[in-house]
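Enquirer: Here it is: the structure, laid out below.
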Amino acid sequence: MSRRAITALLACAALALSACGSSENTGTGRQFEAQQEGQYIDYSQLTYQVQLSRYLNPADPEDKQYLTGLPAGVNPVLPGDETWFGVWMRVKNYSGETMTPTGSFQITDTEGDKFQPVPLNPNNPFSYQPIPLLHSQVLPTPDTAAASGPIQGSLILFRLKTDALQNRPLTLSIGSDEPAEMSLDL
């Protein structure tokens, strides 16, 4: 074989191997671990995972559904210096006892500006509503719109100043007593 053919063959082999995820031989076969998953964070004996975080557009048909159940007098169309921001959360109880997820969340930008969630009516099928979870139960509960939808998380809605979007990364705090924190992907 020519030197050029061998180099091309080695390059193809290296490319193919680099596309594989990390693996671990556990004795029962190989298990592959995805390289990109939502972040997991533990707080008060529960495991929280941000499924997705993104801006919401009230004119978009999908986003319009997420914005149903806003507090009285709150217009889904915000002034130009504000934007809706959604964090879709999944919570699992790995503890041996019944636990209720926190309802305390906060977003902080790099300038120290803090933003609290906007409460959504519990009738919104996507809204985050903490309920007691038995061992191995998850929120959102199975067979709900939030669990079976494309995002598979419950919506925590924030009203941010557009300036905050330039002051990244945004940090999500989970809980009030010694909160757990994670950076949000925009």
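Enquirer: If you go through segment 51-80 one residue at a time, how many are touching a residue at least 24 places away in the same chain (Cβ under 8 Å), of a type outside the set (Gly, Ala, Ser) and more than 29 Å from Gln39 (Cα to Cα)?
Expert: Going through segment 51-80 one residue at a time, the tally reaches 3.
Enquirer: Now a separate question. Within segment 138-175, take every residue that is in a loop (DSSP other than H, G, I, E, B) and over 18 Å from the mean Cα position of the chain (by Cα) and give me the one that is farthest from Gly69 (Cα to Cα). Steps first, please.
Expert: Filtering segment 138-175 down to residues in a loop (DSSP other than H, G, I, E, B) leaves 140-144, 149-153, 167-169, 175.
In the following step, the residues that additionally are over 18 Å from the mean Cα position of the chain (by Cα) were identified as 143, 167.
Values: Asp143: 21, Asn167: 29 Å.
Here the answer is Asn167.
Enquirer: Please find, among Leu170, Leu165, the residue that is under 16 Å from Gln39 (Cα atoms), modelled with pLDDT under 95 and among the aliphatic types (A, V, I, L, M). Spell out how you get there, then give the answer.
Expert: Values: Leu165 fails: under 16 Å from Gln39 (Cα atoms).
None of the other options fit; the residue is Leu170.
Enquirer: Being buried (at least 18 other Cβ atoms within 10 Å of the Cβ) and out of contact with any helix residue (DSSP H, G or I) (no Cβ under 8 Å at 6 or more places or on another chain) is the filter; apply it to segment 108-126 and report the residue that is nearest to Thr141 (Cα to Cα).
Expert: Here the residue is Leu120.
Enquirer: When segment 122-137 is examined, which residues are found to be touching a residue at least 40 places away in the same chain (Cβ under 8 Å), under 22 Å from Pro71 (Cβ atoms) and not hydroxyl-bearing (Ser, Thr, Tyr)? Let's see the steps before the verdict.
Expert: Pass one, segment 122-137, residues touching a residue at least 40 places away in the same chain (Cβ under 8 Å): 122-124, 126-127, 133-137.
Adding the requirement that they be under 22 Å from Pro71 (Cβ atoms) leaves 122-124, 126-127.
Pro122, Asn123, Asn124, Phe126 - these are the residues of segment 122-137 that are touching a residue at least 40 places away in the same chain (Cβ under 8 Å), under 22 Å from Pro71 (Cβ atoms) and not hydroxyl-bearing (Ser, Thr, Tyr).
Enquirer: Name the residue that is surrounded by the most Cβ atoms within 10 Å (Cβ to Cβ), counting only residues in segment 59-107 that are among the aliphatic types (A, V, I, L, M) and more than 20 Å from Ala164 (Cα to Cα). So that I can check it myself, show each step before the final result.
Expert: Kept after step one, since they are among the aliphatic types (A, V, I, L, M), are these residues of segment 59-107: 59, 67, 70, 72, 74, 77-78, 87, 89, 91, 99, 107.
Narrowing further to those that are more than 20 Å from Ala164 (Cα to Cα): 59, 67, 70, 72, 74, 89, 91, 99.
On the way: Ala59: 8, Leu67: 23, Leu70: 18, Ala72: 5, Val74: 11, Met89: 26, Val91: 24, Met99: 19.
Checking each candidate, the answer is Met89.
Enquirer: Also, quick follow-up: Pairs needed: first member in segment 156-181, of a type outside the set (S, T, N, Q); second member anywhere, part of a helix (DSSP H, G or I) and modelled with pLDDT of 95 or more; C-beta distance under 8 Å; at least 6 residues apart or different chains.
Expert: Qualifying pairs under 8 Å: Leu157/Tyr66.
Enquirer: Something else about it: Which count do you get for residues in segment 141-151 that are touching a Phe, Trp or Tyr at 6+ places or on another chain (Cβ under 8 Å) and surrounded by 15 or more Cβ atoms within 10 Å (Cβ to Cβ)? Show your work before the answer.
Expert: Going through segment 141-151, the residues touching a Phe, Trp or Tyr at 6+ places or on another chain (Cβ under 8 Å) turn out to be 145-146, 149, 151.
Next cut, surrounded by 15 or more Cβ atoms within 10 Å (Cβ to Cβ) only: 146, 149, 151.
Residues meeting the conditions: 3.
Enquirer: So is Tyr94 at pLDDT 95 or above and not acidic (Asp, Glu) or not?
Expert: yes
Enquirer: Does segment 152-186 hold any residues that are more than 21 Å from Asp63 (Cα to Cα), touching a Leu at 6+ places or on another chain (Cβ under 9 Å) and surrounded by fewer than 14 Cβ atoms within 10 Å (Cβ to Cβ), and which are they?
Expert: Arg168, Pro169, Glu181, Ser183
The values are calculated or read from the model by the stated rules, or taken from the named source; none is laboratory data. Just so it is clear, the model here is predicted, and its values are computed rather than measured. Positions of Cβ are backbone-derived with ideal geometry, glycine not excepted, and every protein chain shown enters the neighbour counts.
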